[in-house]
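Below: one structure, written as structure tokens.
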Amino acid sequence: MMELQNKNILLGVTGGIAAYKAVELLRLLKKAGANVNVIMTDSAQKFVGKTTFEVLSENPVLSDLFFDTESSVKHIDLATRAHAAIIAPATANTIAKLAHGIADDALSTTLLAVTCPVLVCPSMNTDMYQNIRVQRNLDILEKDGWVILDPDSGVLACKTIGTGRLPDPWFIFDRVEAMLTKKDLRGKNILVSAGPTVEPLDPVRFISNHSSGKMGYAIARAAEKRGGLVTLVSGPVSLNEPVGVECIYVQTCEEMATQMLARFDQADIIIKVAAVADYKPMDPKASKIKKKENIKDLSILMTQNPDILKLLGKKKTKGQFLVGFAAETDDLEKNALLKMEKKNLDMIAANIVGSSDSGFKADTNKVKLFFRDGSSFDIPLMGKDKVADILIDQVIEKME
Ligand code: PMT
């Protein structure tokens, strides 16, 4: 995702206890290559000092229209150049001002002049948040085309438990990225599988593999940001659920097959990243298998699992685009092409595995895409998020 590279982002910070989270959000935006201008209200500065934002943004913080800036129209300049604006945290007071076009400080005045997409992140006490006036003001902003991010639930600063917490900075960052992403998958149903499957031996043991789910989740996230309606069928992983994606959790290959087959007919693009167990224990035990002192070697009889991708390939109809992955340690091209043929795929992503920076568990990946028409496309070693985006670019290009 390069959506934030060299983009001008306005970060409005208002006076709530969650103002400290805006510091981390700023750090994430800067790391992604954005040029961030922070605008603080007076009350925000009671929670976090201007200096922190100035040092991290490498820009002066705007807080007073009359004394702070070298130019009397600095706020108009910032508003005109902004590609996106975020208000995090957004207090009830600022939300009310914005909803009614009141411009009595640097932030509300600047936001009257923006024409870019705006993300509002309300954060306050539950009763305040649920107050009819606050909800009415949020409705006004939403109807005007601004995006409202629902607050999280949990223990609030006022010690009550309820809705009103500012979501985690990575979550807000994710939604800003989504706001700026081109929607070239709008209206398309995307079905993705990710992670490993686990095949039980007994109630406490299983056979599985090293898939972390990172590659499949990156594809699901990228497709959602591009406007796709994404369903993710996932084996057990320890990753955050991708925002805006319908997630279905499974354990075994049989369960994954059931879920994928049930959703296949509605899908336009199907990307099968999951590392599925080809075999499973033939006779899983209902109770824990005990160690026997006199038995040194133990064999487990295995039986074949269904080949989900092959079943999908058989069901595929015109207009559907089916993608498989092939994890290979050697003969990459030969094995990948064979799998594409056998499973009736439109594309296969041949994945070199066995090194620490590519394939299973790594944050980066190196794949070669092969297509039905005989062409291929190399994706050199890069972050899995970027691999996901390039892979989707290629799918869209081939579908056209
Ligand atoms: O999850 P990560 O840690 O990020 O790692 C990513 C990955 C290495 C798991 C991923 O990039 C990858 O290569 N996935 C495919 C792994 C694999 O099982 O490859 P395979 O060559 O065994 O299977 C080929 C294809 O058939 C795959 O699309 C697989 O989902 C599918 N398959 C395999 C067996 C089976 N019984 N049913 C299937 O549908």
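The values are calculated or read from the model by the stated rules, or taken from the named source; none is laboratory data. Just so you know, these numbers come straight off a predicted model, no measurement behind them. Every residue, glycine as well, gets a Cβ built from its backbone with ideal geometry; the counts of neighbours run over all protein chains shown. The protein model used for the area step is the full one, side chains on, heavy atoms only, and it has no ligands, DNA or RNA in it. Shrake-Rupley method; radii C 1.70, N 1.55, O 1.52, S 1.80 Å.
Temperature 10 °C, viscosity 1.306 mPa s: under these conditions the Stokes-Einstein estimate for segment 92-145, based on its Kirkwood radius over C-alpha pairs, is 137 µm² per second. Calculated mean residue ellipticity, 222 nm, the chain: -9500 deg cm²/dmol, from DSSP H runs (n ≥ 4) at -39500 (n - 2.57) each, averaged per residue and rounded to 500. Extension gain for Ser208 to Gln45 (0.36 nm times residue separation, less C-alpha to C-alpha distance): 53.5 nm. Size check on segment 121-203: the Cα extents along the three principal axes, sorted descending, read 55, 40, 20 Å.
Temperature 4 °C, viscosity 1.567 mPa s: under these conditions the Stokes-Einstein estimate for the chain, based on its Kirkwood radius over C-alpha pairs, is 55 µm² per second.
Building the convex hull from the alpha-carbon atoms of segment 174-261 and averaging its projection over directions returns 5.9 nm². For segment 172-200, the residues whose amide N sits under 16 Å from a probe point set 7 Å from the Cα of Leu311 along the beta carbon direction are 192-194, 197-199. For the chain, the longest principal axis of the Cα atoms and the long axis of helix 214-225 meet at an angle of about 50 degrees. The P(r) of segment 277-400 has a tail past 26 Å containing 37 percent of all C-alpha pairs.
Shown here are the Rg and Dmax of the Cα trace of segment 190-309, at 16.5, 60 Å.
To the nearest 10, the accessible area of Tyr129 is 30 Å² with a 1.4 Å probe. If both residues of a DSSP beta bridge must be in the chain, then about 35% of such bridges are antiparallel. Taking the charge dipole of the chain about its Cα centre, with +1 at Lys and Arg Cβ atoms and -1 at Asp and Glu Cβ atoms, the residue from Gly319, Thr303, Phe173 reaching farthest to the positive side is Thr303. Shown are Thr110, Thr317, Thr252, whose ranking by accessible area with a 1.4 Å probe and every protein chain present, most to least, is Thr317, Thr252, Thr110. Could you point to the residue in Phe47, Gln5, Ala220 farthest towards the positive end of the chain's charge dipole, with +1 and -1 charges on the Cβ of Lys/Arg and Asp/Glu respectively? Positive-most Cα among the choices belongs to Ala220.
The calculated FRET efficiency for Gln266 paired with Ile295, based on their beta-carbon distance and R0 = 51 Å, is about 0.55. Considering all different alpha carbon pairs of segment 8-180, the Kirkwood hydrodynamic radius works out to 15.8 Å.
For the pair Thr160 and Asp278 in one chain, pulling the backbone fully straight at 0.36 nm per residue adds 37.5 nm over the alpha carbon distance. The accessible area of Met302, taken with all protein chains in place and a 1.4 Å probe, comes to roughly 70 Å².
In the elastic network of the chain, a GNM with C-alpha springs shorter than 10 Å, the most mobile of Gly12, Gly354, Gly313 is Gly354.
The gain in end-to-end length when the Phe66 to Val243 segment is fully stretched comes to 59.7 nm, 0.36 nm per residue minus the alpha carbon separation. When both segment 165-202 and segment 325-400 are represented by their alpha-carbon centers, they are found 20 Å apart.
With respect to the chain, whose longest principal axis is taken over its alpha-carbon atoms, helix 332-342 is tilted by about 80°.
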